[in-house]
Amino acid sequence: MKKLISVLLCAAIIIGTLGTMAIAYEKEDVSPYPVVLVPGFSGAWLMNGDDPETAENAWAGADFSGLLPSVLDRILEIGTGLAVMNFDNAQMIGRIVAEEIEKNWPLMQCNPDGTSKYNVKPYYTDAADTNTKILEERDLGFCEYEREYNDVLCGIIGEENVYNFGVDWRMGSEYCATKLNEYIKSVKEYSGSEKVNVFAVSQGGQIASTYLALYGESMDVNNIVLSSPAIGGSALASDLLSRKVSIDEQTLMMLIEHGMYMEEDIEWLLRANELGFLDDIFNAMVPNVADSIGYWQSIWDFVPMQFYEDLKKEYLNKPENAPMVESSDRFHYEILPTIKEKFRLLQSQGMNINIITGSGDRMVSGLDVNSDGIIPTYSATGATCAPFGKRFSDGYNQVEEWDGKYKVSPDMTIDASTCYLPDNTWFSDHSYHAWSWFSDCTKDLALKLMITDEIKDVYSDPKYPQFLWADNLSKTISFNLVSSENGIMNGDVDSIKVRNVLEESDVKITAVYCNELKLKFDVGSGVKLAPGEEAVIPFEGDIPQTSKQCIHISVYYKADTITPFNYSTRGFTVMNGEAAEPLERSVDIPDPGILGNLRIPFASLLLKKLGLYELVSMALTVLYCRIINIF
């Protein structure tokens with residue numbers, strides 16, 4: 001079972017286990033090394049005591065199944081219901097939720113120096129106790145991590161070759177990395193293998209990166225895949241420690257839809273609604289929760305550099321905090337700055353280091369930056385990103401030359417030339433945090449990178465270009481230019497390919513619209529797609545003889561879901577001549593429909609206030625496309 005970082009959000013989003021994927025690998029193509037799974041924040045179960053048979057459970061994987069009934073009972077006791085959601089009620093509910101959450105981790109507090117108040121530790125830490133075969137035989141499935149990948153890996157390389165690294169994830173990255181080093185040595189000794197392969201997720205990615213920086217030159221690792229790694233942290237941590245959270249409800253809903261394979265576009269219903277009461281609830285919760293976990297070393301290692309010093313001065317200013325400050329300072333100022341150099345050194349020595357991350361979404365809370373909803377894209381990869389809602393201007397020149405390769409995303413929001421590993425980093429638009437499993441493109445890619453040597457870099461296989469597009473069910477459709485190069489429009493491109501990614505519902509394409517170019521797409525009276533079906537839609541119009549110009553194409557559709565019609569927008573780069581000189585570093589991304597191009601600010605503002613902007617814009621765009629197709 002895969003869980004979103006419940007502590008940082010102060011809520012649990014639990015994703016049900018899905019059926020495993022049947023993948024055929026030839027035995028000779030599979031790496032001979034065992035796989036070590038390094039889970040994300042809160043992934044490992046923890047106990048209070050020394051004997052797993054008798055110890056008290058301290059952390060059961062963020063199981064909040066009984067939280068809602070407890071909260072509702074207490075609200076009814078107080079005599080205030082949910083019918084009137086004003087600020088006072090929001091504060092009251094937030095306090096109650098925080099107090100009930102605290103009951104779920106009474107043993108999880110740490111001392112001001114970062115050490116645990118209680119004898120809390122992972123259940124099992126040795127290779128002999130933690131390979132999946134042993135765990136299955138002993139009915140200890142709760143110690144199996146990244147369950148979806150775990151199941152598939154067992155079917156390919158055998159249960160005895162999959163290992164589950166558990167650590168006290170409250171501790172700092174340096175501590176956890178040291179434990180990972182000990183664990184990998186243990187796996188090598190127990191299995192008799194010369195090396196291991198590693199799959200690390202979220203905080204596990206930060207731990208694994210720290211491991212590479214400190215111990216990587218032992219060359220105990222063959223392939224390592226970092227999925228949405230929290231290398232440089234997340235502003236969610238600084239929000240939590242500063243006791244102020246602002247939730248982006250639409251992004252939160254999109255995360256839920258994506259992780260639960262929902263065919264319903266519920267998030268669309270949130271675009272026009274003000275749900276500020278959620279911020280009130282979270283902000284009432286945060287002081288209680290922050291007091292409980294404010295001395296978790298891992299939280300401080302998550303704090304981005306730009307907030308670290310101010311927060312440290314405010315909340316870690318007592319003499320008893322000195323050991324914790326020393327550790328976090330070492331991570332921020334000595335370890336983190338060496339990551340790029342260490343990665344490249346190890347890669348030059350033969351280690352295969354690869355990063356897969358989601359991108360293209362606003363943070364659920366924190367910085368208004370390009371992210372996977374939880375981790376900023378630059379934090380996970382070292383990439384240079386335009387501010388969220390903006391793109392690099394036409395003619396943009398990437399920051400670093402990289403063997404003559406163009407490393408800018410088709411929508412011109414990400415410059416991969418500054419990545420820790422520019423040729424070994426994949427970005428999946430709208431894939432969300434640590435959920436590579438939930439899109440076929442990233443799921444297949446992650447497995448290949450883990451257990452084969454087929455893919456050397458982002459140019460090895462055209463099925464896995466550097467800039468991917470999530471094909472999760474929640475997206476309804478997936479589309480791209482029919483082009484020899486992913487996301488690039490040259491003078492020969494004259495069509496797009498659209499696929500219905502739903503499993504149950506038909507989709508009807510009603511219109512296709514390009515913001516920046518006068519292109520006429522031939523959809524006739526509509527293009528109907530059965531589940532899994534795809535169609536090529538031709539277009540006519542002049543493609544400018546220029547290069548490094550960004551355009552946006554929106555596909556409008558109807559589906560048999562709770563949201564009957566919607567649209568999907570992608571950015572593409574025109575590469576068809578001389579590049580223009582960039583006039584400024586970044587520009588606004590235009591509204592996807594024709595209403596944005598009409599430039600009627602008063603009408604647009606009024607429609608947004610009424611919550612009708614999206615609806616009117618979609619209707620006008622579809623009507624416009626129908627009219628130009630007639631003529």
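Scalar couplings 3J(HN,Hα) for the range 155-164, obtained by applying the Karplus form with A = 6.51, B = -1.76, C = 1.60 to θ = phi - 60°, are x, 9, 10, x, 4, 5, 10, 10, 10, 10 Hz; x denotes Gly and Pro. Across the protein chains, with a 1.4 Å probe defining accessible surface, the residues Lys558, Lys133, Lys342 rank Lys558, Lys133, Lys342 from largest area downward. In the structure shown, the pairs Lys179/Lys313; Lys195/Lys463; Lys195/Lys342; Lys497/Lys558; Lys133/Lys185 are assessed against 24 Å; a Cα-Cα span above that value is assigned to Lys179/Lys313; Lys195/Lys463. Taking a ≥ b ≥ c as the square roots of the eigenvalues of the alpha-carbon gyration tensor, the range 329-384 is classed oblate because a/c is 1.5 or more while a/b is no larger than b/c.
With coordinates expressed along the principal axes, the C-alpha atoms belonging to the range 530-596 extend over 46, 25, 20 Å, beginning with the largest.
Couplings for the range 514-520, taken from phi via the Karplus curve 6.51 cos²θ - 1.76 cosθ + 1.60 with θ = phi - 60°, read 10, 5, 9, 10, 8, 10, 10 Hz in order; Gly and Pro are left as x. For the range 109-198, the equivalent ellipsoid built from the Cα gyration tensor has semi-axes of 26, 15, 11 Å, listed from largest to smallest. Spacing of the modelled spin labels on Asp522 and Glu504, each 7 Å from Cα toward Cβ, amounts to 3.6 nm.
Expressed in units of 2.2 N^0.38 Å, where N is the residue count, the Cα radius of gyration of the range 477-548 is 1.17.
Using the Cα atoms of the range 397-489 to build a convex hull, what is its mean projected area in square nanometres?
The number I arrive at for the range 397-489 is 6.6 nm².
Each principal axis of the Cα atoms in the range 146-208 has its own extent, and those three values, largest first, are 33, 26, 14 angstrom. Around the Cα centre of the range 545-631, unit charges on the Cβ atoms of Lys, Arg, Asp and Glu (plus for the first two, minus for the last two) sum to a dipole of about 220 debye.
The amide H of Trp426, built 1.01 Å from its N in the peptide plane, has Ile355, Ile356, Thr357 as neighbours under 5 Å, considering only residues 5 or more places off or on other chains. Of the whole protein surface, Arg362 contributes about 80 Å² of accessible area at a 1.4 Å probe radius. Whole-Hz Karplus values for the range 329-334 come out as 4, 4, 5, 5, 9, 10 Hz, taken residue by residue from phi with 6.51 cos²θ - 1.76 cosθ + 1.60 and θ = phi - 60°; glycine and proline positions read x. A cut-off of 5 Å between modelled amide H atoms, ignoring neighbours fewer than 5 places along the same chain, links Thr546 with Asn576, Gly577.
Solvent-accessible surface of protein heavy atoms, probed at 1.4 angstrom with all chains present, puts Tyr211, Tyr118 in the order Tyr118, Tyr211, largest first. Calculate, in whole percent, how much of the Cα-Cα pair population of the range 293-363 lies beyond 16 Å. Percentage above 16 Å: 60. Taking the charge dipole of the range 398-474 about its Cα centre, with +1 at Lys and Arg Cβ atoms and -1 at Asp and Glu Cβ atoms, the residue from Tyr420, Cys441, Ser460 reaching farthest to the positive side is Cys441.
The values are calculated or read from the model by the stated rules, or taken from the named source; none is laboratory data. Predicted, not measured: the structure shown is a model, and the values here were computed from it. Here the Cβ is made from the backbone with ideal geometry for all residues, glycine too, and neighbour counts use every protein chain on show. Heavy atoms of the whole protein, side chains included, go into the accessibility calculation; ligands, DNA and RNA do not. Shrake-Rupley method; radii C 1.70, N 1.55, O 1.52, S 1.80 Å.
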